[in-house]
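Structure first, commentary second.
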Amino acid sequence: MEYHDISSRRDAAIFERKVNCLHDGFIVSVNYSHEGYTWGNPMFVDPQKASLVLRVMVTSINNALVELLFEGVREFQIRESGYELVDSSISFSEAGLVTWCGDNSTEPDTSRDVSFVIAERMRWRFIS
């Protein structure tokens, strides 16, 4: 299956509707990769070459497996206690970055308490 881009609020609404906001989801795998880092003080990872793939089993839609692909990862946190998702949400910054949050709020002061990803691009697809 091909990936669907999430680059606007409309795309995010379609995603949330089709995957039921990942309601009652469970993160089953996390894969972070990067290429092109420089050693120095401090070490720098080029966000253009960093990606993160999350696979989420969504029990509220018959155990569907949804894959989230984030490219140009700027910052992320996958909390151990956050492997279980009640809901998720998506927002966009003025700089064009997308924020996915493993909660129903992407407010900056609450997103640090749960799993989140801030990236240049977000894509998704059903695996099964």
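Some values worked out for this structure:
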| item | result |
| --- | --- |
| Search result, residues across region 1-60 that are surrounded by fewer than 11 Cβ atoms within 10 Å (Cβ to Cβ), at pLDDT below 90, not β-branched (Val, Ile, Thr) and not in a loop (DSSP other than H, G, I, E, B) | SER33 |
| Pairs where the first residue, in region 93-109, is modelled with pLDDT under 60 and among the polar types (S, T, N, Q) and the second is in a strand (DSSP E or B) and surrounded by 17 or more Cβ atoms within 10 Å (Cβ to Cβ), C-beta under 8 Å, 6+ apart | THR106/SER89; THR106/ILE90; THR106/SER91; THR106/THR99; THR106/TRP100; THR106/PHE116 |
| Failed item in (1) within 16 Å of ARG121 (Cα to Cα); (2) over 14 Å from the mean Cα position of the chain (by Cα); (3) not in a loop (DSSP other than H, G, I, E, B), with GLY72 passing the rest | (2) |
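The values are calculated or read from the model by the stated rules, or taken from the named source; none is laboratory data. A quick note: this is a predicted structure, and the numbers were derived from the prediction, not measured. Because the Cβ atoms are built from the backbone with ideal geometry, glycine has one as well, and the counts that use them run over all protein chains shown.
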